[in-house]
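Novice: Can you read through this structure? Questions will come right after.
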Amino acid sequence: MASATHNSYTLHLNLPTPSNSLLNRSSKFLHSGHRYGEPLYSSIRTRVRLQRRTRAPRASILTVVSFSSSNKPSPSSDVSSTARIRSEVLSPFRSVRMFFYTAFVASGSLGGLITITQLIGALNNPSRAPEVPMILKDLAIDLGAVSLFAFLYYRENQAKNAQLSRLSREESLSNLKLRVDDKKIIPVSTLRGIARLVICAGPASFVTESFNRSEPFTESLLERGVLVVPLVTDGNSPSLKFDESEEQKQVTTKRKRLWQLAPIYTSEWFKWLNEQKKLAGVSSESPVYLSLRLDGRVRGSGVGYPPWNALVAQLPPAKGIWSGLLDGMDGRVL
């Protein structure tokens, strides 16, 4: 007698000559690509070859499924590991506080459950009626403690999520590319600790006017490590005119240095900028500026032209005796 297992395509033969039932069952192999009249497998070696042959399509199907599922974004992939590490560094005791809040909520809930059972017992026993006010007082304390620590945990978790969201946006910004000159392209993260970037995003006329307004503050801005990133949103070219005369050669060199950066892959810059505008409730057509700290975090932003005079007044020099002590005095983080 011969038997065939269709699921694994494995034949178990007990007779040297195949029977009619085996021939009938072997016709099922026609659907898996075998030619009619192909001899049946009658040895262990050929059976192993059949198993190898039939497992290949199954492995390829699993590979396709795995690849397609990896394209779906998972909740944990929304925030990079770098952003999580930076969040832990900026708020090292937040996890400890959240742990204790959770423990206090659990303790208060357990105490409230025990108090409720005592209250039920006191209400059912007239002899324990004097205990009811004290039990109700204990229950109110337990419920108050649970509500308080649950609120503190909720607020801490909201602050954590907001911080992670901000750090995630900053990490996205740090991965955007800048052109320094014709041969050098760097990510924004390369300038951390070196320069305070000011992003001017708007139509060409807005960038041109920002360029003209920055002229009186050129030297002071460079002393504070400020570099400008002009991001033109209307596809036109701004008119950045430099005085090439011999008398203004030194000033022109500083002006070119202040405005030497140029964003590339602008679609990625526009995507990041639109997300920032959406979060701030600003129209996508509005010209805006964003100023970054030395560590790459956003310290200020607004609609309109960059306040060059305010930047000069608020930012400390990037070099000199006070530079190391005042590196963090970039203003509050938005």
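The values are calculated or read from the model by the stated rules, or taken from the named source; none is laboratory data. Given the structure is predicted, the values throughout are model-derived calculations rather than measurements. Ideal geometry is used to build each Cβ from the backbone, glycine not excepted, and the neighbour counts take in all protein chains shown.
Novice: Out of (1) under 30 Å from Lys256 (Cα atoms); (2) among the charged types (D, E, K, R); (3) out of contact with any Pro (no Cβ under 7 Å at 6 or more places or on another chain), the odd one out for Lys177 is which?
Specialist: (3)
Novice: All but one of (1) at pLDDT 90 or above; (2) of a type in the set (Asp, Glu); (3) closer than 22 Å to Glu209 by Cβ hold for Glu268; state the number of the condition that does not hold.
Specialist: (3)
Novice: Something else now. Show me the helices (runs of 4 or more DSSP H) entirely contained within segment 214-299 in which 3 or more residues are touching a Ser or Thr at 6+ places or on another chain (Cβ under 7 Å).
Specialist: 249-258, 266-280
Novice: Which members of segment 300-316 meet the condition of being in contact (Cβ under 8 Å) with a residue 60 or more places away in the chain and either farther than 15 Å from Thr218 by Cβ or part of a strand (DSSP E or B) (or both)? First the steps, then the outcome.
Specialist: In the first step, residues of segment 300-316 are kept if they are in contact (Cβ under 8 Å) with a residue 60 or more places away in the chain; the result is 305-306, 308-309, 311-312, 315-316.
Result: Tyr305, Pro316.
Novice: Please identify the pairs in which a residue from segment 246-264 that is touching a residue at least 40 places away in the same chain (Cβ under 8 Å) and more than 21 Å from Leu311 (Cα to Cα) has its Cβ atom under 6 Å from the Cβ atom of a residue that is aromatic (Phe, Trp, Tyr) and surrounded by 12 or more Cβ atoms within 10 Å (Cβ to Cβ), counting only partners at least 6 apart or on another chain.
Specialist: Listed pairs, sorted by first residue: Pro263/Trp269.
Novice: Where residues in segment 193-215 are surrounded by fewer than 16 Cβ atoms within 10 Å (Cβ to Cβ) and within 24 Å of Arg293 (Cβ to Cβ), which of them is modelled with the highest pLDDT?
Specialist: Among those residues, the one meeting the criterion is Arg213.
Novice: For segment 267-289, which positions are under 20 Å from the mean Cα position of the chain (by Cα) and not acidic (Asp, Glu)?
Specialist: Passing the criteria: Ser267, Trp269, Phe270, Lys271, Trp272, Leu273, Asn274, Gln276, Lys277, Lys278, Leu279, Ala280.
Matching residues to (1) within 17 Å of Leu197 (Cα to Cα); (2) touching a helix residue (DSSP H, G or I) at 6+ places or on another chain (Cβ under 7 Å); (3) loosely packed, with under 15 Cβ neighbours inside 10 Å:
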position	(1), (2), (3)
Ser237	no, yes, yes
Phe242	no, yes, yes
Arg255	yes, yes, no
Trp259	yes, yes, no
Trp269	yes, no, no
Leu273	yes, no, no
Lys277	no, no, no
Ser284	no, yes, yes
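Novice: Moving on. Of everything in segment 140-173, what is closer than 10 Å to Ala83 by Cβ and not acidic (Asp, Glu)? Give them in sequence order.
Specialist: Matches in segment 140-173: Gln163, Leu164, Ser165, Arg166, Leu167, Ser168, Arg169, Ser172.
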